[in-house]
Each structure stands twice: as C-alpha cells, then as structure tokens.
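Okay, so here's the structure we're looking at.
The values are calculated or read from the model by the stated rules, or taken from the named source; none is laboratory data. This is a predicted model, so every value here is computed, not measured. Neighbour counts are summed over all protein chains in view; Cβ atoms, including those assigned to glycine, are modelled from backbone coordinates with ideal geometry.
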Amino acid sequence: MPILAALSLVLLLALREVIHWYFHESTLANLPGPGGYSWLTGHTKQLYHHRGWRFHLKDIVGYGSAVRLRGYLGEDILYITDPVALRTILVKEHGHIFDEPPMIIERNKLLWGPGLLSSTGSAHKHQRAIAYSVFSERRIKSMLPVMYDVVKKLEATLCCQLQFGSAEVDMMHWMSRCSLELIGQAGMGVSFDDLQKESESRPNKYMAAAKQLIPLSFPLQAFMRMIPYLVRLGSPELLGALSAYAPHANIRKLRKIAYFLYDTNAELYWRRRRAILAGDEMAMRRDDALSSLIRENECAPQDRRITNKEMISQIGTLIFAGQDTTSLSIARMLHVLALDQPRQDRLRTELRGTTELQSPLPYDELCRLPYLDAVCKETLRLHAPVTQLHRVPRQDVVIPLGRPVVGKNGENIEELQVEAGTFTVIGAAAVNRDKLIWGPTAEEWIPERWLESLPSSVAGAHLPSVYANLMTFMGGGRSCIGFKFAEAEIKVVLYVLISRFRFEPAPNADVHWNMYNFATPVVDDKPSLPLKMTILVP
C-alpha cells in the first residue's frame, strides 16, 4: 500500500506538469518545426530512433538553427544548432540557469552516486576542479607507456588470431575490451582484461555489468521522466531499496548492476586510499588517474576536499564516460579507413616513417604527426559518438540567435523567450556538419582539410568547444574533462594497429551505425564491426 500511495502521488505531480504544458500558450509557438508527430509521444520516437540520422541531420536543421519539436503530450522541445545560442546555453548561462535535465541528473545519481555526472552548481564545480588536474598534459604523458603496453598486448593477440595472414575480426568487440583495459590500467591502476582470445569464455564481471547499463536504460526513456518526481519521495538510498520491487524487469536489473559496480568501486577506492595514506612506496609512485585523484584530494585544504562517497562515484563516472565513447570512436576510425584504402596507406606511411624515432613514440612526437591528427579530428567531427545533448533552464531566459529564424508568421525571430523547464536539445552532430561553418564539403570525410587553413567561418563561429572547434567534447562547465586522455588513447591505438595491420571491409557484412545513446556499429541489429585484417611485414 505505501508503494501504491507513493506512485499515485508521483502520477499526480506528473499530471500537474502535463496539464500545465497542454493548456498554456507556448512562448515558442511561432518557431517553425516539423509536423507528423504523435499527440502522445510527440517527436520523441524520431528523436531517439536508432536510425534517426536523417531526422537530426536533414529534417530538423532544414527549419533553421532553432526549431520547435514536441515531446510527450505536446510539451515543447527546443532543438538548437545556432552558435550564439549555444554559447549562451553552455557557457554564459551555464550553471545558474542552464544545466542537465533533472531526470538525467537523478538517473546518474541512482546509477553512479554523487559524482561529476550527477552533481550540479557549486558541488559540480568543486568536483570538477579536483578531477581536472588529473587529466593535465603532464599526467597524460606519464600514462602513455601504460597505454602502449596495453595496445601492444592487443596487437600480439590479433597476430595470433591471424595465423594464416588474413581473417575477419570483430573490431568492435576488441576495441571495447581494449578501451576498458586502457581505462583500467591508465585510469584506475588495475587490470580488467588480459586481452587474450581464450578470455572470451570468461569475461570480466565488471566489464559485463558496465556494458549492460545503456542497453537496459534505453527502453526506459518514458520512465526516466518520472525520476524527478520519484526523488521527492525520499533519498536515493530509499529509492534504491524500493526499485527492487519495480514492475519493469530492466529497473530491477539496473539496481542489481548499480549496487555491484558501486561496491566494486568502493573496494578499489578504500584499498588504494589506505595504501597511499600508509605511505606505500608502490602506491605513491602510481601515475594512474585514480591514485592522482586521491593524492590531489588528500593534499587539498579540508574545506575543498570532496567526500569519500563522491570519490567512489568518480570511479564509475570515469569508466562510463570514457569507455564506450572512446571505443566507438576508434572503431569508427578503423571503419572509415577500411573504406578508404589510399588514405589508410597515407596514414600508415606517416606512422611507419617514425620508426627511426624512439619506440614507443613519446607523447609530443605522437601529437606532432599531422595526418594522424587530421584523421582523428575529421572522424570526431563527422562521426561524433554522441549526437545530441540535453539542457533545461531553471528559470525563464532570453536566448539571442546569431542566425535569425523565419517564424510561422513570416517575421524574423532574433531571440527566443524560453520558459523554465523547457527541454532543450543541442544538436552536436548537426553543428559539426554545418555547411555555414565547415563549407560545402561539410558532410564529407576529408582529413586533408585539417592540413590546410580551415575556412574563416570555423573560428568565426566562436563555438563553445574545448577541442578543435568541434561540439564532440562540448564546451563550458560540463565539457568533457578527459578529452586529452581520450585523444591519447585513440592515437596510441591507431599508431600501433595501422602500422601492423591492413583493414578492409568484411566481404559479406552489411554494417550500419545505429544512433542509440552513442553511435554504434551493428550487423543484423547486433553490435559488431567485422573487418578483414591482414598482417603486414614489419
């Protein structure tokens, strides 16, 4: 009975919100947008469809840089690609007005605890300041030897698999395993996977659990909207206990996984912290991100430290934030290079031309390889693993537009009156392909563009970006703090694998890239990237 009463209260709170959205006059009513939406689900099916590329990259942007979409029961969704508006949302008004939607914040809190992905305001700034120093260029340089060790181990395993010279290999499978091991070794100072072929029959429990989070969460999009109301009923601990009785099997599975991951992360944290505080020589010498984070926090003034619970939450946050996006980015690069043999050969020639230099190639030398850098940037531009991000204003706000939109009444709209609570979608993938920024070839994969002077419109757009004027890692207070770490991982993997192997499309595999939360390669609707690999003479 108490559970039924609680759910009834939640439904009443949600119904109040729905009635408000349904009957009030929208301030976005004059904004253009596509029709053909359901009165119940709005445009959400198109917005989150696994083959929603055309809707994002063609249909929506055809209406301009600010578009009105509809959500559940007709609520407003604001879709933004305007550079000036993006600066307002992500930088100028970030934190005190715009932030992640409450449903995402609360979901992250339930899954990972009070870490970077689930904190807001001053708490988020505080945690970010401690974590940011861990991913400095100096620290990443010290992690590079570990990264090389991991990737060379993968190289050896793949060579054994290709004992007859060539074979078809699922590189999505191997990139996922390799990326987790890179995060484990360089990020946490632990090994999750020995990267041996025979280990497939006994997969790492942590990896297996972590990889279920997104697939289990994706069918719960409608339920996620209830989370902000559910948290009003009690603490995350109480909700965690109640979730054991949830009617949806995915919720019960997610609860079990979240507890397992948190307990594993806590055990790792306490063991490492005790060793550091005891002055253990090996622990004090460790350069992995977790050890550095613990030392940074212990050296900070008492009032600037983050709590033990927040520290534990950072472990899950760092693994989740870095593992899938990096593995998928590398998989995409291998795929586009397999489809373009001349450019793959050009990259290999550059990489093999470094053999006279120190091996493994130091960080500075790796970063100075122009074509490798161009391949990375161009792939992250055209094929960003995350296609969209979400924000919500806490109060009514005026958003200026750099590109006025023609309203339904035929007049130019130069600024938007956006009400508190309006669900706002940032079309990151669409901005990265914007022809007004990147020119007429914006939708083509051309690494050579980075070897020449980019159009003045790229710098002139003043995008809120931390990396190469791209929206891939975003900008502002919630930008990706580990982008340099991810870039180093990607370059080390490409440096080793492209130098040693030739990649070609698998003859009978029809590979599609589904959108989901992250762009994912699939064959017959199952995550997979089969490529024909050939060992090259050293």
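At a glance:
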item: Failed item, numbered, when residue 429 is tested on (1) at pLDDT below 95; (2) surrounded by 21 or more Cβ atoms within 10 Å (Cβ to Cβ); result: (1)
item: Residue in the stretch 63-79 that is surrounded by the fewest Cβ atoms within 10 Å (Cβ to Cβ), counting only those that are more than 21 Å from the chain's Cα centre (by Cα) and of a type in the set (Phe, Trp, Tyr); result: 63
item: Any chance residue 19 is hydrophobic (A, V, I, L, M, F, W, C), part of a helix (DSSP H, G or I), touching a strand residue (DSSP E or B) at 6+ places or on another chain (Cβ under 6 Å) and at pLDDT 60 or above; result: no
item: Residue within the stretch 400-412 that is of a type in the set (Asp, Glu), under 21 Å from residue 96 (Cβ atoms) and not in a helix (DSSP H, G or I) present; result: no
item: Matching residues in the stretch 457-471 - criterion: being more than 15 Å from the chain's Cα centre (by Cα), aliphatic (A, V, I, L, M) and not in a helix (DSSP H, G or I); result: 461, 463, 468
item: Hits in the stretch 473-508 (condition: more than 27 Å from residue 317 (Cβ to Cβ), out of contact with any Leu (no Cβ under 7 Å at 6 or more places or on another chain) and either touching a residue at least 24 places away in the same chain (Cβ under 8 Å) or surrounded by 17 or more Cβ atoms within 10 Å (Cβ to Cβ) (or both)); result: 496, 497, 507
item: Residue count for the stretch 244-265, restricted to those that are part of a helix (DSSP H, G or I) and without any contact (Cβ under 8 Å) to a residue 24 or more places away in the chain; result: 7
item: Those residues of the stretch 142-167 which are of a type in the set (Val, Ile, Thr) and either within 26 Å of residue 530 (Cβ to Cβ) or modelled with pLDDT under 95 (or both), in sequence order; result: 150, 151, 157
item: Check on residue 508, of a type outside the set (D, E, K, R), at pLDDT below 95 and within 27 Å of residue 426 (Cα to Cα); result: no
item: Among the candidates 99, 82, residue that is within 30 Å of residue 459 (Cα to Cα), surrounded by 19 or more Cβ atoms within 10 Å (Cβ to Cβ), under 23 Å from the mean Cα position of the chain (by Cα) and at pLDDT 95 or above; result: 82
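Let's see how each residue does on (1) crowded, with 17+ Cβ neighbours inside 10 Å; (2) of a type in the set (Gly, Ala, Ser); (3) assigned to a helix (DSSP H, G or I); (4) in contact (Cβ under 8 Å) with a residue 12 or more places away in the chain:
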position: 122; (1), (2), (3), (4): no, yes, yes, no
position: 127; (1), (2), (3), (4): yes, no, yes, yes
position: 131; (1), (2), (3), (4): yes, yes, yes, yes
position: 152; (1), (2), (3), (4): no, no, yes, yes
position: 177; (1), (2), (3), (4): yes, no, yes, yes
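To keep it simple, each residue is scored yes or no on (1) farther than 20 Å from residue 129 by Cβ; (2) assigned to a loop (DSSP other than H, G, I, E, B).
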{"position": "473", "(1), (2)": "no, yes"}
{"position": "484", "(1), (2)": "no, no"}
{"position": "489", "(1), (2)": "yes, no"}
{"position": "493", "(1), (2)": "yes, no"}
{"position": "499", "(1), (2)": "yes, no"}
{"position": "503", "(1), (2)": "yes, no"}
{"position": "508", "(1), (2)": "yes, yes"}
{"position": "518", "(1), (2)": "yes, yes"}
{"position": "522", "(1), (2)": "yes, no"}
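For (1) surrounded by fewer than 19 Cβ atoms within 10 Å (Cβ to Cβ); (2) in contact with a helix residue (DSSP H, G or I) (Cβ under 6 Å, 6 or more places away or on another chain); (3) more than 30 Å from residue 225 (Cβ to Cβ), each residue gets a yes or a no:
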site: 320; (1), (2), (3): no, no, no
site: 366; (1), (2), (3): no, yes, yes
site: 392; (1), (2), (3): no, no, no
site: 408; (1), (2), (3): yes, no, no
site: 414; (1), (2), (3): yes, no, yes
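Residues checked against (1) exposed (fewer than 13 other Cβ atoms within 10 Å of the Cβ); (2) over 31 Å from the mean Cα position of the chain (by Cα):
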site	(1), (2)
243	no, no
246	no, no
249	yes, no
261	no, no
266	no, no
271	yes, no
274	yes, yes
277	yes, yes
282	yes, yes
